[in-house]
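Quick notes on the structure that follows.
The values are calculated or read from the model by the stated rules, or taken from the named source; none is laboratory data. Please read all numbers here as calculations on a predicted model, not as lab measurements. As a convention, Cβ positions derive from the backbone with ideal geometry for all residues, glycine included, and neighbour counts pool all protein chains shown.
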């Protein structure tokens with residue numbers, strides 16, 4: 001039987017958003033073996049309240065090597081964190097930020113957790129419809145978000161991530177337009193991630209984190225997608241799809257346009273969740289109202 005997990009990298013500032021995500025997972029998601037919350041060591045105690053039979057808090061020390069640790073950033077007056085250390089500097093790695101560490105946690109999780117399939121959901125995701133994780137499987141394999149021709153000339157950041165992935169995997173520089181693998185709900189398989197890590201280390205003769213972070217501009221989703229389709233091919237066991245499981249809100253004007261309090265009714269096709277970026281300032285009580293409306297309808 002295929003075992004499905006959800007994984008969420010988070011941190012203390014997203015604690016209340018993570019509380020809402022957990023409530024929505026508990027209400028709407030089935031076929032779930034475990035929901036992993038991946039947090040910095042100092043945040044473990046705060047997140048421990050969410051633990052239960054289907055939810056485990058994973059401290060960063062269980063995932064990342066001891067030579068890469070968080071420190072207060074003196075340039076920010078201690079408000080921000082950097083991931084570095086003597087061992088990281090000796091390896092030629094520039095200090096990393098929190099979003100880098102969250103990406104590394106995602107890649108590291110399948111090295112210590114043995115579920116077959118991992119669905120990655122950030123703290124700003126809210127499930128609003130029933131979602132059986134087994135629906136991600138079909139005759140052609142496990143769903144993989146892959147938007148053909150989704151990366152075009154002018155998308156400099158995406159092009160950089162794509163080229164970085166190809167480089168560490170020993171693939172030619174991809175031609176444009178190219179496939180985009182970045183999505184709010186991304187599905188990977190544990191066995192593929194473990195082979196990916198071994199492949200990176202064998203090709204570069206470096207620890208996989210050293211290889212990935214030699215350039216601080218990288219995308220874990222791009223790395224996995226390029227590996228799954230560009231290296232493993234049909235052996236990856238994936239069924240590529242450009243359908244999105246989540247409706248993402250990047251701007252306040254999008255929230256206003258969609259009459260946000262009834263956003264759950266706007267989900268189309270296979271969409272089962274919304275993702276509301278924290279930086280657009282939607283009040284948390286509005287997010288809870290959307291969830292409660294959806295829960296009542298279900």
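Here residue 2 meets the list (1) surrounded by fewer than 18 Cβ atoms within 10 Å (Cβ to Cβ); (2) touching a strand residue (DSSP E or B) at 6+ places or on another chain (Cβ under 9 Å); (3) closer than 22 Å to residue 81 by Cα almost entirely, failing just condition (3).
Report yes if residue 210 is in the same structural domain as residue 147 (by TED's automatic domain parsing), buried (at least 17 other Cβ atoms within 10 Å of the Cβ), in contact (Cβ under 8 Å) with a residue 24 or more places away in the chain and more than 28 Å from residue 142 (Cα to Cα), otherwise no. Reasoning before the result, please.
Values: in the same structural domain as residue 147 (by TED's automatic domain parsing): yes; buried (at least 17 other Cβ atoms within 10 Å of the Cβ): yes; in contact (Cβ under 8 Å) with a residue 24 or more places away in the chain: yes; more than 28 Å from residue 142 (Cα to Cα): yes.
Taking the combined requirement at face value, the residue satisfies it.
Scoring residue 134 on the criteria (1) touching a strand residue (DSSP E or B) at 6+ places or on another chain (Cβ under 6 Å); (2) within 17 Å of residue 239 (Cα to Cα); (3) surrounded by fewer than 20 Cβ atoms within 10 Å (Cβ to Cβ) leaves a single failure, condition (1). The lone criterion from (1) within 30 Å of residue 111 (Cα to Cα); (2) touching a strand residue (DSSP E or B) at 6+ places or on another chain (Cβ under 9 Å); (3) not assigned by TED's automatic domain parsing to the domain that holds residue 156 left unmet by residue 290 is number (1).
Yes or no, residue by residue, for (1) in contact with a strand residue (DSSP E or B) (Cβ under 9 Å, 6 or more places away or on another chain); (2) part of a helix (DSSP H, G or I):
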| residue | (1), (2) |
| --- | --- |
| 157 | no, yes |
| 163 | no, yes |
| 166 | no, yes |
| 172 | no, no |
| 188 | yes, no |
| 192 | yes, yes |
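Under 17 Å from the mean Cα position of the chain (by Cα), buried (at least 17 other Cβ atoms within 10 Å of the Cβ) and either within 20 Å of residue 171 (Cβ to Cβ) or at pLDDT below 95 (or both) - does that describe any residue in region 231-244? Taking every residue of region 231-244 in turn, at least one turns out to be under 17 Å from the mean Cα position of the chain (by Cα), buried (at least 17 other Cβ atoms within 10 Å of the Cβ) and either within 20 Å of residue 171 (Cβ to Cβ) or at pLDDT below 95 (or both).
Listed by position, the strands (runs of 3 or more DSSP E) contained in region 1-99 that have at least 2 residues being touching a residue at least 60 places away in the same chain (Cβ under 8 Å), in the same structural domain as residue 115 (by TED's automatic domain parsing) and in contact with a helix residue (DSSP H, G or I) (Cβ under 7 Å, 6 or more places away or on another chain) are 4-9, 34-39.
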